[in-house]
Amino acid sequence: MEALASQPSNVRENLTYLGYAWLKALSEICYFDARNEASKRLADDIIGQVRQEPKLHQLSYDGTTEIELDCRDDEQAAWLLRCYLCADSGNKYQSFLDHAIYSHRTLQQNLTRFFLEWFVRAAKLDRSSFLENAGVYLRGCVLPFI
């Protein structure tokens with residue numbers, strides 16, 4: 001999270017948008033089971049209170065399409081996520097969302113946890129009405145481990 005927090009504000013805001021888009025997609029599904037029920041209910045609560053979507057910047061990416069990555073290196077992982085946030089911003093990350101929403105329910109829980117942690121971190125760096133609204137639900141929020 002520290003490496004992501006050090007990214008430029010437009011990249012951080014796009015990561016916040018991706019988290020919002022994930023919660024919105026999760027709130028729109030009508031099928032869920034015990035593995036992701038808590039995530040689904042939290043998404044419903046947060047999305048139901050959204051007055052204004054987070055900013056989405058159209059970022060350009062002219063880099064390579066294949067990248068060697070040491071997944072133990074936080075800086076490299078943050079750089080890779082930054083590349084993705086730039087490369088797919090014009091599509092509003094729809095292909096990612098389409099794939100993630102149909103993936104294994106435990107992975108959905110982990111993705112939700114990741115974005116919740118990001119929202120807490122981002123609220124200290126960037127002001128937005130979305131982060132303020134989401135913050136109300138994040139205080140004391142605990143998702144069960146499956």
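The values are calculated or read from the model by the stated rules, or taken from the named source; none is laboratory data. Because the structure is predicted, anything quoted here is derived from the model rather than measured. Every residue, glycine among them, receives a Cβ derived from its backbone with ideal geometry; neighbour counts consider all protein chains shown.
List of remarks:
- The number of residues in segment 58-100 that are polar (S, T, N, Q), surrounded by 13 or more Cβ atoms within 10 Å (Cβ to Cβ) and free of Cβ contacts under 8 Å to residues at least 12 places away in the same chain comes to 1.
- Counting only residues that are at pLDDT 85 or above, loosely packed, with under 14 Cβ neighbours inside 10 Å and in a loop (DSSP other than H, G, I, E, B), segment 112-146 holds 2 of them.
- Meets criteria (in contact with an Asp or Glu (Cβ under 8 Å, 6 or more places away or on another chain) and either over 25 Å from Val142 (Cα atoms) or in a loop (DSSP other than H, G, I, E, B) (or both)) for Ser27: no
- Residues satisfying the stated conditions in segment 1-24, i.e. among the hydroxyl-bearing types (Ser, Thr, Tyr) and part of a loop (DSSP other than H, G, I, E, B): Ser6
- In the set (1) more than 21 Å from Leu4 (Cβ to Cβ); (2) at pLDDT 85 or above, the condition left unmet by Thr65 is number (2).
- Residue list for segment 45-104, restricted to those being farther than 15 Å from Leu15 by Cβ, of a type outside the set (Gly, Ala, Ser) and not in a loop (DSSP other than H, G, I, E, B): Asp45, Ile46, Ile47, Glu75, Gln76, Asn91, Gln94, Asp98, His99, Ile101
- Of all residues in segment 12-42, those satisfying the criterion of being hydrophobic (A, V, I, L, M, F, W, C) and under 12 Å from the mean Cα position of the chain (by Cα) are Leu15, Leu18, Ala21, Trp22, Leu23, Ala25, Leu26.
- Taken over segment 103-146, residues that are in contact (Cβ under 8 Å) with a residue 24 or more places away in the chain, under 19 Å from Glu53 (Cβ atoms) and out of contact with any helix residue (DSSP H, G or I) (no Cβ under 9 Å at 6 or more places or on another chain) amount to 1.
Here is a yes/no grid of residues against (1) under 13 Å from the mean Cα position of the chain (by Cα); (2) over 19 Å from Leu4 (Cα atoms):
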residue: Asp45; (1), (2): no, yes
residue: Arg82; (1), (2): yes, no
residue: Asp88; (1), (2): no, no
residue: Ala100; (1), (2): yes, yes
residue: Phe119; (1), (2): yes, no
residue: Lys124; (1), (2): no, no
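- Count - residues of segment 29-57 that are of a type outside the set (Lys, Arg), within 20 Å of Leu131 (Cα to Cα) and surrounded by 11 or more Cβ atoms within 10 Å (Cβ to Cβ): 14
- In this structure, Asp70 does not satisfy being within 22 Å of Ser95 (Cβ to Cβ) and more than 17 Å from the chain's Cα centre (by Cα).
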